Amino acid sequence: MSKRVAVPTNVVLEYWQGRDLPGVVYENTPVDPEHTDELTIALRSDEPDDTSDPRTPLFLGRPQVHFAGTPRALEAFGRYLIALARLETADPNPHEHFEDVQNADGGTIHLIVRRE
């Protein structure tokens, strides 16, 4: 069995900071991560595909979401997620849109990241 290890690290979180007035304007946001065009998402089925029948639904059973990226893209996106989690804002719906994330099946995906 593998041994679990903990590696301490320092992470610098970057934010845009401005006037954050409840119900009016929300200017406190994490800085968008770089290299989101090096992230890839694929949607797949947990079940084997039956391609012999064109009426087979896209997802049999439950869907799988594959999220991949280059080391620098994953690290930048990870820092962004930590920054979003720790964001101090009056915004009741902090979120961001990333439109250059690659679709494994071609083209791009409009990825919306939202903190609840």
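The residues of the chain expose, per residue, 76 Å² of accessible area to a 1.4 Å probe. Given axes a ≥ b ≥ c from the Cα gyration tensor, I'd like to know whether the stretch 70-116 is rounded (a/c under 1.5), prolate (a/b larger than b/c) or oblate. Oblate, because a/c is 1.5 or more while a/b does not exceed b/c. Split the accessible area of the chain by element, probe 1.4 Å, and carbon with sulfur accounts for 52%. Along the axis of the charge dipole computed for the chain (Cβ charges of +1 for Lys and Arg, -1 for Asp and Glu, origin at the Cα centre), the listed residues Val31, Val5, Phe67 are led at the positive end by Val5. The Cβ shell under 14 Å around Pro94 holds other residues with a net charge of -4, Lys and Arg each +1, Asp and Glu each -1.
With a Förster radius of 22 Å, plug the Cβ-Cβ distance of Thr9 and Glu96 into 1/(1 + (r/R0)^6) and report the FRET value to the nearest 0.05.
Values: r = 24 Å, r/R0 = 1.07.
So the FRET efficiency works out to roughly 0.40.
Against the chain, whose longest principal axis comes from its Cα atoms, helix 71-86 is set at around 50 degrees. For the chain, the Cα-based Rg and Dmax, in that order, read 18.5, 58 Å.
The values are calculated or read from the model by the stated rules, or taken from the named source; none is laboratory data. Here the structure is a predicted model, which means the values were calculated and not measured. Note that each Cβ is placed from the backbone with ideal geometry, even for glycine, and that neighbours are counted across all protein chains shown. Keep in mind that these areas ignore ligands, DNA and RNA; they rest on the heavy atoms of the full protein, side chains included. Shrake-Rupley method; radii C 1.70, N 1.55, O 1.52, S 1.80 Å.
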